[in-house]
Amino acid sequence: MKKLLSVLLASLMVLSLLAACGSGGNNGGQNAQPPSGGDTQAPDNSGGDAEPAGDVTIQVAALASGYEEAYPGMWQEVCDAFTAATGIKVDLICDKNLEDVIGPAMQGGEFPDVIHLATGREKGLTEQFIKDRNIADITDVLSMTVPGESAKVGDKIVGGFTDTSVTNPYNDGKTYLAPMFYSPCGLFYNAGLFEEKGWTVPTTWDEMWALADELPEGTSLFTYPTTGYFDAFLYALMYSVGGPDFYNKALRYEEGIWDTPEAQQCFDIIEKLASYTNPITPAQANDQDFTQNQQLVLDNKALFMPNGTWIVGEMAEAPRADGFQWGMTALPAAKSGGNGASYCWLEQAWIPAGAPNLDAAKQFVAFLYSDAACAIFAKGGAIQPVPGLTDSLEGDNKMFYSIYDNGADAAMGNFAAYDAVAGLGTVREVFLDPVNGLVNGSVTKDQWIADVKAASDQMRANIME
């Protein structure tokens, strides 16, 4: 995996990135869930370039994330370019609270044709569609020709990005979610403060704890935007502590995995990190106030926070301490001489199984990898896993994307999808949300571990195959 990402990042560098928080949605209510649809699947149009009927209008629903803030009108420009290339009209819905906007209509059985909404968000809408098997198989899109070009879609996506548990959630050899904007994730900090104080960025957790004990009053070691940001953190931590064997077993909830020394070390690190976290963090760790936690780093009130490279664009207009400079490091190694790790986070685009214009929707997904679309997205700092896109990265972005060249292992993939079970929480609810309780003292590490074990037994028994 590391070699894959090294090859990728050696050939992938252009301007970047991002302001696309995996959490920008409204925290009010959970009423934007799709109807349960059993095993309903869209028909398999195997291969070829489907020609939709004339005078077609598709509906595209896209999250108005930090990328859209960095380049307003980004998604509309892509839709207009698609119409120019194909003649297919697009009705675009682009909103920060996308789940709330499209949820009511979907509950009534009216679905957009294409949705750009990643996993890992608080409302878990994409995960719900995965669990209910309400996402169309788009494997055939990989063999389609990109509209307006001669290249096949599969040839314009870096190898490996359509073979992960993120894009192939059912482990059936088929692709259901298209890999879109990607970002190396890590711990972000004020490099200017480190230079001013003469501090060295920790490369092991022991060094991290030693630094925490030296911090001046008013500066905490750690904060996080929301618990949702612990997905990339936990993945990288598991990989750095236990390597690929432990990592892959953990992602499939293998029996006894949470009793291993590697798992215990992960729990211990997060518990200790919680004790060094700025105490105001849990109160602000929601989809309305998460930027206030990010502001703690810009104000030197917290030293490190987990995030993706979109943070630079997202906080571009925020006030900051004198001499502030963005820095990013991989999660520290579990022991001296070991490697740190950085999770490669992917946003996804997908087609609901109930999409009314399946052929035209697949053409739109194919167009997302066109040179025209890639160039538009890049203006907002949104980088796709397309060869050559990052060749000309400079400044902060060059530093961000070179993280794997500087000794960090690359972690990819998600916890395995599982069928919905009454009373069984989401991965976020089970593994990540308890971090708030660890910080404010309402949850103990032992309670958290017990809940993880109990939930994992049910998740393992209901893994989608």
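Report yes if some residue within region 358-376 is of a type in the set (Ser, Thr, Tyr), in the same structural domain as residue 79 (by TED's automatic domain parsing), within 23 Å of the chain's Cα centre (by Cα) and under 30 Å from residue 145 (Cβ atoms); otherwise report no. Among the residues of region 358-376, at least one is of a type in the set (Ser, Thr, Tyr), in the same structural domain as residue 79 (by TED's automatic domain parsing), within 23 Å of the chain's Cα centre (by Cα) and under 30 Å from residue 145 (Cβ atoms), which makes the answer yes. Residues in region 309-341 that are more than 17 Å from residue 383 (Cα to Cα) and touching a strand residue (DSSP E or B) at 6+ places or on another chain (Cβ under 6 Å): 324, 327, 328, 329, 330, 331, 332, 333, 336, 339, 340, 341.
Of the residues making up region 48-69, those that are modelled with pLDDT of 85 or more and not acidic (Asp, Glu) are 56, 57, 58, 59, 60, 61, 62, 63, 64, 65, 67.
Please tell me if residue 246 is assigned by TED's automatic domain parsing to the domain that holds residue 445, crowded, with 18+ Cβ neighbours inside 10 Å and farther than 21 Å from residue 442 by Cα. Here the answer is yes, as residue 246 does meet what is asked. So, of the residues in region 53-80 that are small (Gly, Ala, Ser) and within 23 Å of the chain's Cα centre (by Cα), which turns out to be farthest from residue 352 (Cα to Cα)? Per the criteria, the residue is 70. The selection criterion, being touching a helix residue (DSSP H, G or I) at 6+ places or on another chain (Cβ under 9 Å), modelled with pLDDT of 95 or more and of a type in the set (D, E, K, R), holds for residue 453.
The set of residues in region 100-139 being in a helix (DSSP H, G or I) and open to solvent by 10 Å² or more (accessible area, probe 1.4 Å) consists of 100, 101, 104, 105, 107, 127, 128, 130, 131, 139. Can you find a residue in region 221-235 that is touching an Asp or Glu at 6+ places or on another chain (Cβ under 8 Å), part of a helix (DSSP H, G or I), touching a residue at least 40 places away in the same chain (Cβ under 8 Å) and open to solvent by less than 20 Å² (accessible area, probe 1.4 Å)? The answer is yes; a qualifying residue exists. Of all residues in region 82-99, those satisfying the criterion of being in contact with a Ser or Thr (Cβ under 8 Å, 6 or more places away or on another chain) and either at positive phi or not in a helix (DSSP H, G or I) (or both) are 88, 89, 90, 91, 96.
Scanning region 391-411 for residues that are buried (at least 19 other Cβ atoms within 10 Å of the Cβ), part of a loop (DSSP other than H, G, I, E, B) and under 19 Å from the mean Cα position of the chain (by Cα) yields a count of 1.
Of all residues in region 81-98, those that are within 16 Å of residue 362 (Cα to Cα) have Cβ atoms under 6 Å from Cβ atoms of residues that are assigned to a loop (DSSP other than H, G, I, E, B) and of a type outside the set (A, V, I, L, M), 6 or more apart or on another chain, in 85/147; 85/148; 86/147.
Inspect region 341-352 for any residue being within 14 Å of residue 183 (Cα to Cα) and in contact with an Asp or Glu (Cβ under 6 Å, 6 or more places away or on another chain) and give the result as yes or no. Yes, some residue in region 341-352 is within 14 Å of residue 183 (Cα to Cα) and in contact with an Asp or Glu (Cβ under 6 Å, 6 or more places away or on another chain).
Residues that are touching a Leu at 6+ places or on another chain (Cβ under 9 Å) and open to solvent by 60 Å² or more (accessible area, probe 1.4 Å) within region 430-465 comprise 444, 458, listed in sequence order.
Checking each residue in region 63-73 for being surrounded by 24 or more Cβ atoms within 10 Å (Cβ to Cβ) and hydrophobic (A, V, I, L, M, F, W, C) picks out only 63.
The values are calculated or read from the model by the stated rules, or taken from the named source; none is laboratory data. Note that the structure is predicted; figures quoted are calculated from it, not measured. Reconstructed Cβ throughout: ideal geometry from the backbone, glycine too, with neighbour counts over all protein chains shown. The accessibility values were calculated without ligands, DNA or RNA, using every heavy atom of the protein model including side chains. Shrake-Rupley method; radii C 1.70, N 1.55, O 1.52, S 1.80 Å.
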